[in-house]
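I have placed the structure first, in the form of structure tokens, so that the comments after it can refer back to it.
The values are calculated or read from the model by the stated rules, or taken from the named source; none is laboratory data. Everything numeric in this text was worked out from a predicted model, so none of it was measured. Here the Cβ positions follow ideal geometry from the backbone for every residue, glycine too, while neighbour counts run over all protein chains shown. Please note that ligands, DNA and RNA were not included when accessible areas were found on the heavy atoms of the full protein model with its side chains. Shrake-Rupley method; radii C 1.70, N 1.55, O 1.52, S 1.80 Å.
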Amino acid sequence: MDSYDDMNRVLITDDVDSQCVDMLVANGFSVEKDIKLAKQPQEQLIKRVQEVDILIVRSATKVTSAVIEGSPRLKLIGRAGTGTDNIDTEAATRHGILVMNTPGGNTLSAAEHTCALICSLARSIPNACSSLKSGAWQRSTFMGEELNGKTLAIIGLGRIGREVAKRMQSFNMKTIGYDPIITGEQSITFGVEFFELKDIWSLADYITVHVPLMQGTHHLINNEVLSVCRRGVKLVNVARGGIIDEKALLDALNSGQCGGAALDVFEEEPPTDLKLIQHPSVICTPHLGANTREAQKRVAIELAQQIIDFKQGHSLIGVVNGSAVTSQFGQGNRPILLLSKRLGQIVGASSTSTPTQISLSFNHTVSSHLFEALAIYFSYGYLHEKGNDRVNFVNARHLFEVKMEMVVDKNQGLNNVLVVRISGDNEINELSGIVSGDHLWLDSVNQCRFIAHVPLDNEKTRILVQSINGSFVDYLHDNTSKFNKRISAVFDTVTPTGNNQEKRWSALLL
């Protein structure tokens with residue numbers, strides 16, 4: 001959190017509701033809004049972002065790697081909305097910049113727009129309206145179909161997908177769906193029958209997609225998928241352009257394999273190739289899914305509150321690339337995270353070469369989310385001790401590329417013990433630390449236990465672990481001179497055999 005405490009200057013480059021500005025200013029932020037920057041050359045945006053801590057955008061501003069690399073002061077990018085495909089999140093992570101969105105703010109608007117498009121497809125409402133306005137009266141041309149009894153396949157069962165299901169069930173549609181992180185037992189609780197992706201295509205009369213655009217979903221619906229769909233299937237996309245292969249869709253429309261499509265998003269926005277959107281079986285809108293007054297006010301308020309809460313240390317919501325920072329706010333997590341960081345600092349101070357592999361060992365299973373956070377904290381502590389002034393809790397694992405694994409060792413005994421094992425060409429190959437309430441202790445080095453636990457609570461105190469051979473008194477005398485009397489405490493260990501003539505360890509508190 002420390003590196004984010006001084007966030008103050010905010011730049012807004014898209015048309016975000018004014019309540020976002022008002023809330024930030026009321027809480028001590030300095031805010032500038034310039035929506036012209038979204039359409040100006042990138043160099044202008046880079047120049048302005050160099051002066052701010054927080055950048056707030058919607059979808060028009062493209063936050064590329066060049067913008068991020070040219071903005072050394074930037075700490076947080078806030079997206080007033082859900083999708084972050086206009087932000088180079090990987091580049092932001094490399095540079096220690098948090099990316100935050102408002103995942104729930106536009107849920108209802110996007111779901112309602114999806115349902116409106118499904119209804120419009122079923123009854124050819126836009127074409128019928130256009131025909132009547134031209135002076136024609138062509139009732140037979142616009143023969144529709146009922147949604148009652150039809151099967152709707154929902155790809156992506158997150159917030160929006162579930163709201164679509166709820167609404168279309170009121171039309172007595174059968175709702176089936178797929179999501180990579182939802183089980184069939186979970187989906188049935190909101191009325192959706194779960195199918196694997198490969199099995200779902202041939203079952204649907206209508207297909208709607210509600211997934212993010214990423215490598216695994218790019219052209220998710222393509223020639224191969226369309227060929228196994230029911231003839232005349234109708235497609236809806238209010239998620240992201242690029243999830244449906246537009247060329248494959250146009251071919252399927254021309255052949256009759258696809259009976260209609262309703263598109264709110266496109267691979268290129270605004271589209272320059274108009275063949276698809278001018279097709280008579282296509283209904284299209286210019287990316288209006290979240291474009292309601294209610295949604296825009298909601299995401300603006302939510303984003304402002306998320307930033308304020310983070311700055312004030314209350315909570316962290318909506319971050320897409322900062323699991324370690326988020327974990328600081330988890331109940332009971334902070335002591336074990338700080339212990340991992342302190343052990344990383346000790347390894348960093350004592351090692352002469354980079355470890356080849358590190359394991360974090362517990363006597364019980366911890367969640368993958370918590371383990372990831374512990375690995376980040378250890379990496380941060382190690383690199384910070386080595387003098388890396390670029391490292392923070394967002395980019396620590398990117399900068400510290402050593403393989404880290406979780407080990408469950410039932411022989412460790414206590415739940416509050418963290419054992420770190422280090423592979424490589426260094427003297428220290430094992431450290432253990434203990435959490436006791438809010439207090440942190442160093443317990444052992446290379447299985448030599450300290451006679452008294454070494455306190456790790458004070459982060460301003462540097463811990464230097466060194467090996468001892470022979471007399472502890474001689475060792476203490478030599479190091480007191482070496483460190484110019486900066487030693488505040490010294491802790492000795494006993495060897496596993498109890499023979500103090502064997503190699504053992506000491507901890508110096510500086």
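When only C-alpha pairs under 8 Å and at least 6 residues apart count, what is the relative contact order of the chain, in percent? Mind showing how you got there, number by number?
On the way: 1005 pairs, mean separation 56.0, N = 510.
Worked out over the chain, it gives 11 percent.
Enter the accessible area per residue of the chain (Å², integer; probe 1.4 Å; all protein chains in place).
Details: 23920 Å² over 510 residues.
Solvent-accessible surface per residue comes out at 47 Å².
Return the loop-located trypsin sites (Lys or Arg not before Pro) in segment 237-324 (DSSP other than H, G, I, E, B) with at most 14 other Cβ atoms within 10 Å of their own Cβ; answer none if there are none.
LYS275
Under a crude label model (7 Å from the Cα following the beta-carbon direction), how far is ILE308 from GLU427 in nanometres?
The modelled label-to-label distance comes out at 5.3 nm.
Regarding segment 256-309, what is the average projected area of its C-alpha convex hull, in nm²?
5.5
Quote the FRET efficiency, to the nearest 0.05, computed for ASP199 versus THR356 with a Förster distance R0 of 25 Å and r equal to the Cβ-Cβ distance. Don't skip to the answer; put the middle values down first.
Numbers: r = 44 Å, r/R0 = 1.76.
Between ASP199 and THR356 the formula returns 0.05.
Grab the beta carbon distance between GLU185 and CYS119, set R0 = 45 Å, and tell me the FRET efficiency rounded to 0.05.
Details: r = 31 Å, r/R0 = 0.68.
For R0 = 45 Å, the calculated efficiency reads 0.90.
Once amide H atoms are built 1.01 Å from N in the peptide plane, which residues 5 or more positions from ARG449, or in another chain, come under 5 Å H to H?
VAL494
LYS386: which lysines have alpha carbons under 20 Å from its alpha carbon, excluding same-chain residues fewer than 8 sequence positions away?
LYS341, LYS403, LYS460
Give the distance, in whole Å, between the Cα centre of segment 1-70 and the Cα centre of segment 212-250.
34
For segment 445-457, just list the computed ³J(HN,Hα) in residue order, Karplus coefficients 6.51, -1.76 and 1.60, θ = phi - 60°, integers in Hz, with x standing in for Gly and Pro.
Using θ = phi - 60°, the values come out as 10, 6, 6, 8, 8, 6, 4, 10, 4, 8, x, 10, 4 Hz.
Given the Cα-Cα distance of LYS36 and LEU132 and 0.36 nm per residue of separation, how much length would full extension add, in nm?
My answer for the length gained is 30.6 nm.
Check GLU193: other-chain or 5+ apart residues with amide H under 5 Å from its amide H, H built from backbone geometry?
Sorted by chain and number, the residues that satisfy this are THR175, ILE176, GLY177.
Return a whole-number percent for the relative contact order of segment 235-294, with Cα pairs under 8 Å and 6 or more residues apart as the contact set.
Details: 63 pairs, mean separation 22.4, N = 60.
Answer for segment 235-294 is 37 percent.
Pull up the cross-link candidates among the lysines for LYS198, meaning alpha carbon to alpha carbon under 29 Å and not fewer than 8 places away within one chain.
LYS150, LYS166, LYS174, LYS234, LYS247
Given a Förster radius of 22 Å and the C-beta distance between GLN50 and THR272 as r, what FRET efficiency does 1/(1 + (r/R0)^6) yield to the nearest 0.05?
Between GLN50 and THR272 the formula returns 0.10.
Given 0.36 nm per residue, what is the gain on full extension from ASP478 to ASP251 after removing their alpha carbon distance, in nm? It would help to have the intermediate numbers written out before the result.
Numbers: separation 227, 0.36 × 227 = 81.72 nm, distance 8.19 nm.
Fully extending the segment from ASP478 to ASP251 adds 73.5 nm.
Along segment 124-132, what does the Karplus equation 6.51 cos²θ - 1.76 cosθ + 1.60 (θ = phi - 60°) give for ³J(HN,Hα), rounded to whole Hz, x for Gly and Pro?
6, 4, x, 5, 5, 4, 4, 5, 5
For the chain, which longest stretch is free of loop sites, where a loop site is one of the chymotrypsin sites (Phe, Trp or Tyr not before Pro) that DSSP puts outside H, G, I, E and B and that has at most 14 other Cβ atoms within 10 Å?
Here the longest segment lacking exposed loop sites spans 138-482.
With N residues in segment 106-284, what two-decimal value do you get for its Cα radius of gyration over 2.2 N^0.38 Å?
This ratio for segment 106-284 stands at 1.00.
In segment 325-459, what percent of the accessible surface is made up of carbon and sulfur (1.4 Å probe, ligands and nucleic acids excluded)?
Details: 2720 of 5950 Å².
Result for segment 325-459: 46 percent of the exposed heavy-atom area is carbon or sulfur.
Explain nothing, just compute: Karplus ³J(HN,Hα) = 6.51 cos²θ - 1.76 cosθ + 1.60, θ = phi - 60°, for every residue of segment 95-105 in order, whole Hz, x for Gly and Pro.
9, x, 9, 6, 10, 10, 10, 10, x, x, x
Can you list the lysines whose alpha carbon sits under 24 Å from that of LYS62, skipping same-chain ones fewer than 8 residues off?
LYS33, LYS36, LYS39, LYS47, LYS75, LYS297
Just checking my list [x] 32.6, 121; [y] 29.0, 105; [z] 23.4, 72 against Rg and Dmax of the Cα atoms in Å computed from this structure; which label fits?
Read-out taken from this structure: [y].
Give the longest segment of the chain that steers clear of GluC sites (Glu not before Pro) in DSSP loops with at most 10 neighbouring Cβ atoms within 10 Å, not counting the sites themselves.
Longest site-free region, per DSSP loop and neighbour criteria: 1-195.
Between MET7 and residues 5 or more places away or on another chain, which pairs have amide H atoms under 5 Å apart, with H built 1.01 Å from N, and which residues are they?
none
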